[in-house]
């Protein structure tokens, strides 16, 4: 009986460690410091420190400030598959004096995600693939 309990405990511990390792390879959130004003989806945001939060809903990210206030929630789609990212990154599209969030890549993930559409007033531009 003790042997079964020990085996069961070891199995649960290994599964827990595996789940922690899997979640560590693709974090649910990471911090960025953006030195310029930018637009995320249709939401203009001031320069500052933000946290990118991957919502449990598939293909959704949120940008929150240091107090936890949600500034933008974006539906994203997979754009490219490349090698697994060593660190999380955010990319911006630059047009004149305006910056637009164009894509996000998480550490431990081989996919790059972009907002489904970026609305620039009269002109709607699809995200670059």
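The values are calculated or read from the model by the stated rules, or taken from the named source; none is laboratory data. Owing to the predicted nature of the structure, the values given are computational and were not obtained by experimental measurement. As a convention, Cβ positions derive from the backbone with ideal geometry for all residues, glycine included, and neighbour counts pool all protein chains shown.
Some observations on this one:
For every residue, the table says whether it meets (1) modelled with pLDDT under 90; (2) out of contact with any helix residue (DSSP H, G or I) (no Cβ under 7 Å at 6 or more places or on another chain); (3) crowded, with 16+ Cβ neighbours inside 10 Å.
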{"position": "38", "(1), (2), (3)": "no, yes, yes"}
{"position": "46", "(1), (2), (3)": "no, yes, no"}
{"position": "56", "(1), (2), (3)": "yes, yes, no"}
{"position": "60", "(1), (2), (3)": "yes, yes, no"}
{"position": "80", "(1), (2), (3)": "yes, yes, no"}
{"position": "101", "(1), (2), (3)": "no, yes, yes"}
{"position": "105", "(1), (2), (3)": "yes, yes, yes"}
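- Count - residues of the stretch 59-104 that are touching a strand residue (DSSP E or B) at 6+ places or on another chain (Cβ under 8 Å), in a loop (DSSP other than H, G, I, E, B) and closer than 13 Å to residue 43 by Cβ: 1
- Number of the condition not met by residue 107 [criteria: (1) under 13 Å from the mean Cα position of the chain (by Cα); (2) in a strand (DSSP E or B)]: (2)
- Complete set of residues in the stretch 39-56 that are within 12 Å of the chain's Cα centre (by Cα) and either touching a residue at least 60 places away in the same chain (Cβ under 8 Å) or not in a strand (DSSP E or B) (or both): 55, 56
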